[in-house]
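One structure, as structure tokens, below. Some questions next.
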Amino acid sequence: ARQFYQAKCECIVFDPLGDRIPSPDPTRTPAYCRAVLCPAWFRLSEFRSLTQNTFKKEFGDIPLGDPTLFLVEQDPSGKRSIVYERVIPLVRQLDTHSDSILHISDLHFGADHGFLLKTESKFIPQICLADRLIRYFSSNERCKPGVVIVSGDITTKGDANGYVYAQEFFNKLLDGLNLQRTHVVLVPGNHDMWLVESEHPTVSYDHEAPYRYFLQALYMEQPKELECLKSYQTPSGWIFSFVGLNSARAYSKDTKDYGYVGEHRYAPWLQEMASNCGSVDVKSLVKSKRINFAVMHHHILPALMVCQPQAGRPVSLTLDAGQIVEDFQKFGIGFVLHGHQHVPFVGSTGRARRVEDGWKGHEQPLFVVGMGSTGAGAQRLSDEIRENTFGIYTPKEDGLEVRIELFNPQREPTPHMEFLIPWL
């Protein structure tokens with residue numbers, strides 16, 4: 001059961017220069033963070049237990065599973081509410097040389113990567129993953145991508161050594177496809193987080209550090225947020241907007257398979273996307289040649305035909321999938337791209353949502369495209385599909401063309417799915 005308390009903050013201790021400092025009073029500091037350096041320390045007293053209804057009435061509800069601090073503001077009527085503030089960088093629209101999107105996922109560089117790390121000879125049957133993709137698009141110029149979407153699990157179990165090979169992969173792939181680093185939309189997966197041997201990793205967020213270092217090396221700049229918003233214009237005049245979200249926010253090994261984003265994390269990015277588009281109606285957006293995508297690692301619809309329970313391992317799901325679906329509809333998202341379960345599939349969903357004067361149904365489905373694994377070894381692949389996959393998505397006059405290719409270290413890509421998702 002969730003527990004709620006109210007406390008008095010007697011003082012805040014911090015370094016004026018912003019450095020992390022040790023606890024000013026270790027004897028009164030909980031054991032799990034006693035030896036940790038933190039940006040600030042709070043001395044709390046006068047703890048008072050509250051019921052959930054009382055807490056919600058006083059402060060509003062708090063996001064599930066998000067152990068952090070929030071600012072609470074009080075309006076003139078006395079009503080209190082939590083303030084969710086995000087700093088959204090200026091979104092610069094970039095040009096692309098193609099109308100097509102390449103979707104790859106679950107590369108698993110490290111112990112679970114299934115390809116050679118380097119192509120040694122053009123005569124051997126196996127080649128590295130980057131060369132396999134470059135060779136495919138060299139012979140399929142009509143679908144050569146202008147944007148690359150990577151929906152998480154770049155490495156295996158947060159092993160920082162895997163990021164070294166991942167960096168080499170992206171350098172080679174982008175060079176072979178004639179793309180810039182800015183043409184990559186990348187989100188983390190649960191395997192990209194190094195869950196340190198700590199009961200409370202969010203005290204310092206060290207589990208995010210290897211992934212953040214990788215982002216800095218890839219984009220040549222220090223990432224402030226793990227979420228992103230990017231916009232591209234294609235040669236045919238289509239405008240793609242991608243909001244990339246971090247769903248790998250489980251904070252212990254026991255919950256690492258769960259996905260969770262949090263409304264306070266994604267809502268500002270969706271609002272900014274809608275503001276840039278000038279509309280949240282998917283039909284109107286498509287008529288003006290705009291498509292809004294959301295990218296995350298975890299699935300909001302079942303990917304497997306049947307989920308098999310395993311002892312000691314939870315059935316994977318995204319904890320706030322219901323809220324995510326409603327809000328994606330509310331802000332004009334047409335398509336969700338994800339990875340995680342190593343099974344490619346295409347589905348659709350939608351939810352009626354409450355509005356001021358009642359309930360509103362969903363006029364257009366929210367389409368979900370799950371990618372399989374683009375680089376995992378056999379030990380990571382699902383029994384439902386024992387192959388690697390990648391997707392190519394291209395807008396046409398009547399809908400979004402979806403092509404998913406099957407391949408493996410010994411075999412060139414061959415078609416798996418090819419159909420049109422119609423504009424409704």
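Return yes or no: is L37 at pLDDT 85 or above, surrounded by fewer than 14 Cβ atoms within 10 Å (Cβ to Cβ) and within 31 Å of the chain's Cα centre (by Cα)? Lay out the reasoning, then the answer.
On the way: at pLDDT 85 or above: yes; surrounded by fewer than 14 Cβ atoms within 10 Å (Cβ to Cβ): yes; within 31 Å of the chain's Cα centre (by Cα): yes.
Yes.
Right, something else. Confirm whether V369 is in contact with a strand residue (DSSP E or B) (Cβ under 6 Å, 6 or more places away or on another chain), of a type outside the set (D, E, K, R), open to solvent by less than 50 Å² (accessible area, probe 1.4 Å) and under 23 Å from N246 (Cα atoms). Break it down stepwise before answering.
Numbers: in contact with a strand residue (DSSP E or B) (Cβ under 6 Å, 6 or more places away or on another chain): yes; of a type outside the set (D, E, K, R): yes; open to solvent by less than 50 Å² (accessible area, probe 1.4 Å): yes; under 23 Å from N246 (Cα atoms): yes.
Here the answer is yes, as V369 does meet what is asked.
I'd like to know if region 247-262 contains one or more residues that are in a strand (DSSP E or B), touching a strand residue (DSSP E or B) at 6+ places or on another chain (Cβ under 9 Å) and among the β-branched types (V, I, T). Don't jump to the end; show me each part of the working.
Going residue by residue through region 247-262, those that are in a strand (DSSP E or B) are 259.
Next, from what is left, pick out any that are touching a strand residue (DSSP E or B) at 6+ places or on another chain (Cβ under 9 Å): 259.
Within this subset, residues satisfying the condition of being among the β-branched types (V, I, T) are none.
Looking through region 247-262, none of the residues is in a strand (DSSP E or B), touching a strand residue (DSSP E or B) at 6+ places or on another chain (Cβ under 9 Å) and among the β-branched types (V, I, T).
A further question follows. Which residue, of S275, S348, is open to solvent by 70 Å² or more (accessible area, probe 1.4 Å) and of a type in the set (S, T, Y)? If you could, list the steps in order and put the result at the bottom.
Working: S348 fails: open to solvent by 70 Å² or more (accessible area, probe 1.4 Å).
Criteria check complete, one pass: S275.
Which of the residues that make up region 289-319 are closer than 24 Å to V355 by Cβ and out of contact with any Ser or Thr (no Cβ under 9 Å at 6 or more places or on another chain)?
A294
Which residue pairs have Cβ atoms closer than 6 Å, lie 6 or more positions apart in sequence or on different chains, and pair a first residue in region 341-364 that is touching a residue at least 12 places away in the same chain (Cβ under 8 Å) and closer than 21 Å to D257 by Cβ with a second residue that is of a type in the set (S, T, N, Q) and in a loop (DSSP other than H, G, I, E, B)?
H342/S373
If you scan region 165-181, which residues turn out to be touching a Leu at 6+ places or on another chain (Cβ under 9 Å), open to solvent by less than 60 Å² (accessible area, probe 1.4 Å) and in a helix (DSSP H, G or I)?
Passing the criteria: A166, Q167, F169, F170, L173, G176, L177.
To continue, here is another question. I need a count of the residues in region 217-237 that are open to solvent by 60 Å² or more (accessible area, probe 1.4 Å) and either in contact with a helix residue (DSSP H, G or I) (Cβ under 6 Å, 6 or more places away or on another chain) or modelled with pLDDT under 95 (or both).
Here the count works out to 4.
To continue, here is another question. Show the residue pairs that are 6+ apart or on different chains and have beta-carbon atoms under 8 Å apart, the first residue being within region 259-271 and closer than 13 Å to F328 by Cβ, the second being among the aliphatic types (A, V, I, L, M) and not in a loop (DSSP other than H, G, I, E, B).
Filtered contacts from region 259-271: V261/I324; Y266/V243; Y266/I324; W269/L229; W269/V243; L270/V243.
Return yes or no: is Q271 under 21 Å from V150 (Cβ atoms) and assigned to a helix (DSSP H, G or I)? Walk me through how you get there before you give the answer.
Values: under 21 Å from V150 (Cβ atoms): no; assigned to a helix (DSSP H, G or I): yes.
No: the conditions fail for Q271.
Suppose the filter is basic (K, R), modelled with pLDDT under 95 and either touching a Leu at 6+ places or on another chain (Cβ under 8 Å) or in a strand (DSSP E or B) (or both); does R354 pass it?
Numbers: basic (K, R): yes; modelled with pLDDT under 95: yes; either touching a Leu at 6+ places or on another chain (Cβ under 8 Å) or in a strand (DSSP E or B) (or both): yes.
Considered against the rule, which asks whether it is basic (K, R), modelled with pLDDT under 95 and either touching a Leu at 6+ places or on another chain (Cβ under 8 Å) or in a strand (DSSP E or B) (or both), R354 comes out as yes.
I've got another one for you. Can you name every residue in region 315-331 that is open to solvent by 40 Å² or more (accessible area, probe 1.4 Å) and in a loop (DSSP other than H, G, I, E, B)?
V315, L317, L319 - these are the residues of region 315-331 that are open to solvent by 40 Å² or more (accessible area, probe 1.4 Å) and in a loop (DSSP other than H, G, I, E, B).
Would you mind stating whether T394 is polar (S, T, N, Q) and outside any strand (DSSP E or B)? Working first, answer last.
On the way: polar (S, T, N, Q): yes; outside any strand (DSSP E or B): no.
Answer is no for this residue.
Kindly indicate which of G162, G110 is open to solvent by less than 10 Å² (accessible area, probe 1.4 Å), at pLDDT below 95 and under 30 Å from Y258 (Cα atoms). Talk me through it step by step, then tell me what you get.
Values: G110 fails: open to solvent by less than 10 Å² (accessible area, probe 1.4 Å).
Result: G162 is the single residue among G162, G110 that is open to solvent by less than 10 Å² (accessible area, probe 1.4 Å), at pLDDT below 95 and under 30 Å from Y258 (Cα atoms).
The conditions are (1) within 22 Å of L94 (Cβ to Cβ); (2) open to solvent by 60 Å² or more (accessible area, probe 1.4 Å); (3) in a loop (DSSP other than H, G, I, E, B), and V306 fails exactly one of them. Which is it?
Going through (1) within 22 Å of L94 (Cβ to Cβ); (2) open to solvent by 60 Å² or more (accessible area, probe 1.4 Å); (3) in a loop (DSSP other than H, G, I, E, B) one by one, V306 breaks only (1).
The values are calculated or read from the model by the stated rules, or taken from the named source; none is laboratory data. For clarity, every value in this text was computed on a predicted model and none was experimentally measured. Note that we place each Cβ from the backbone using ideal geometry, even for glycine, and neighbour counts take in every protein chain shown. Note: areas computed on protein heavy atoms with side chains; ligands, DNA, RNA excluded. Shrake-Rupley method; radii C 1.70, N 1.55, O 1.52, S 1.80 Å.
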